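**Q** Below you'll find the structure I mean.
Derivation of every value follows stated rules applied to the coordinates shown; laboratory data play no part. Predicted, not measured: the structure shown is a model, and the values here were computed from it. Reconstructed Cβ throughout: ideal geometry from the backbone, glycine too, with neighbour counts over all protein chains shown.
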Amino acid sequence: MKDDYRLVMYDMRAHGRSGHPHGLASYTPEMHAADALAVLDDLEIERTHVLGYSMGAWIGFGLLKHAPERMRSFIAGASHPYSRSEFPTDDNWIELYQEGLESVLGVFEEQSGRMPEPMRTRFLAQDSEALVASMVQSRDTTGLEDGLSSVSTPVLAYAGTEELMHGPTAKASGAIPGARFISLEGLDHMGGFMRSDLVLPRIKKFMADVESANASA
């Protein structure tokens with residue numbers, strides 16, 4: 001990707017070197033969207049392709065609702081904008097994060113093999129309490145799906161067939177006019193994130209199609 005596009009990657013709240021507040025109010029879709037827009041403004045980027053996976057894609061749905069004019073396209077990996085009460089996938093993970101990051105890492109590595117360095121070290125250096133607050137706010141947020149039927153931003157969504165997010169991710173793409181959905185056969189949540197050899201060529205083709213359509217418009 002970096003040979004074809006300028007990549008801008010930032011640590012979202014509760015991750016990496018960004019802040020790790022513990023209160024739920026720090027993790028609303030509006031707060032996450034404001035963070036992303038602040039990065040774009042600082043870099044003087046008016047519009048951009050937005051790619052997010054899991055929580056990053058949930059933040060992308062927030063941008064799609066609150067600032068679609070800043071998005072050239074949206075690529076959503078393994079996430080959805082619906083209430084988690086409709087698709088209850090988070091409670092077990094929240095309980096696991098409450099036990100500590102070693103417990104979470106153990107589950108990840110049991111499912112998908114040892115996490116490579118330096119990703120493994122960065123993962124264990126996070127603040128589990130802040131991550132739990134972020135996940136709880138995501139679980140309890142409602143209304144991000146409002147207006148999906150009127151979205152004009154080009155959207156590509158994808159998810160592995162062996163993960164719980166597959167169904168709701170497909171449902172979200174089906175609600176957006178013209179959106180594309182890619183089903184990744186045999187992949188779980190970590191597999192959909194790690195198998196860049198399968199995912200990135202499809203993302204690059206989608207983005208190239210968007211740019212071609214914009215150029216001919």
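**Q** Residues of the stretch 127-157 being under 23 Å from Gly19 (Cβ atoms) and more than 18 Å from the chain's Cα centre (by Cα), which ones? Even if it seems obvious, please write down each step before you answer.
**A** First, the residues of the stretch 127-157 that are under 23 Å from Gly19 (Cβ atoms): 127-141, 144.
Those that are under 23 Å from Gly19 (Cβ atoms) and more than 18 Å from the chain's Cα centre (by Cα): Asp127, Ser128, Glu129.
**Q** Sort out which residues of the stretch 199-217 are charged (D, E, K, R) and more than 12 Å from Leu51 (Cα to Cα), and write them in order of number. Let's see the steps before the verdict.
**A** Going through the stretch 199-217, the residues charged (D, E, K, R) turn out to be 202, 204-205, 209, 211.
Across the stretch 199-217, the qualifying residues are Arg202, Lys205, Asp209, Glu211.
**Q** Any residue at all in the stretch 83-91 that is touching a Lys or Arg at 6+ places or on another chain (Cβ under 8 Å) and either at positive phi or surrounded by 15 or more Cβ atoms within 10 Å (Cβ to Cβ) (or both)?
**A** We begin by selecting, within the stretch 83-91, every residue touching a Lys or Arg at 6+ places or on another chain (Cβ under 8 Å); these are 84, 90-91.
Among the residues that remain, those that are also either at positive phi or surrounded by 15 or more Cβ atoms within 10 Å (Cβ to Cβ) (or both) are: 84, 90.
Checked against the condition, which is being touching a Lys or Arg at 6+ places or on another chain (Cβ under 8 Å) and either at positive phi or surrounded by 15 or more Cβ atoms within 10 Å (Cβ to Cβ) (or both), the stretch 83-91 yields at least one hit.
**Q** What pairs come out if I take residues in the stretch 190-210 that are free of Cβ contacts under 8 Å to residues at least 60 places away in the same chain and pair them with residues that are crowded, with 17+ Cβ neighbours inside 10 Å and outside any helix (DSSP H, G or I) whose C-beta lies under 6 Å away, six or more apart or interchain?
**A** From the stretch 190-210, the pairs are Arg202/Ile182.
**Q** Tally up the residues in the stretch 147-160 that are surrounded by 15 or more Cβ atoms within 10 Å (Cβ to Cβ) and of a type outside the set (Phe, Trp, Tyr), please. Explain how you work it out, then say what you get.
**A** Of all residues in the stretch 147-160, those surrounded by 15 or more Cβ atoms within 10 Å (Cβ to Cβ) come to 148, 151, 153-160.
Keeping just the survivors that are of a type outside the set (Phe, Trp, Tyr) gives 148, 151, 153-157, 159-160.
Going through the stretch 147-160 one residue at a time, the tally reaches 9.
**Q** In addition: Among (1) surrounded by 14 or more Cβ atoms within 10 Å (Cβ to Cβ); (2) in a loop (DSSP other than H, G, I, E, B), there is one condition Leu7 misses while meeting the rest; what is its number?
**A** Of (1) surrounded by 14 or more Cβ atoms within 10 Å (Cβ to Cβ); (2) in a loop (DSSP other than H, G, I, E, B), only one is false for Leu7: (1).
**Q** Moving on to the next point. Return yes or no: is Leu144 touching a Leu at 6+ places or on another chain (Cβ under 7 Å) and surrounded by 13 or more Cβ atoms within 10 Å (Cβ to Cβ)? Explain how you work it out, then say what you get.
**A** Values: touching a Leu at 6+ places or on another chain (Cβ under 7 Å): no; surrounded by 13 or more Cβ atoms within 10 Å (Cβ to Cβ): yes.
The answer is no for Leu144.
**Q** Given Gly178, Gly186, which one is touching a residue at least 12 places away in the same chain (Cβ under 8 Å), touching a strand residue (DSSP E or B) at 6+ places or on another chain (Cβ under 9 Å) and closer than 25 Å to Tyr5 by Cα?
**A** Only one candidate qualifies: Gly178.
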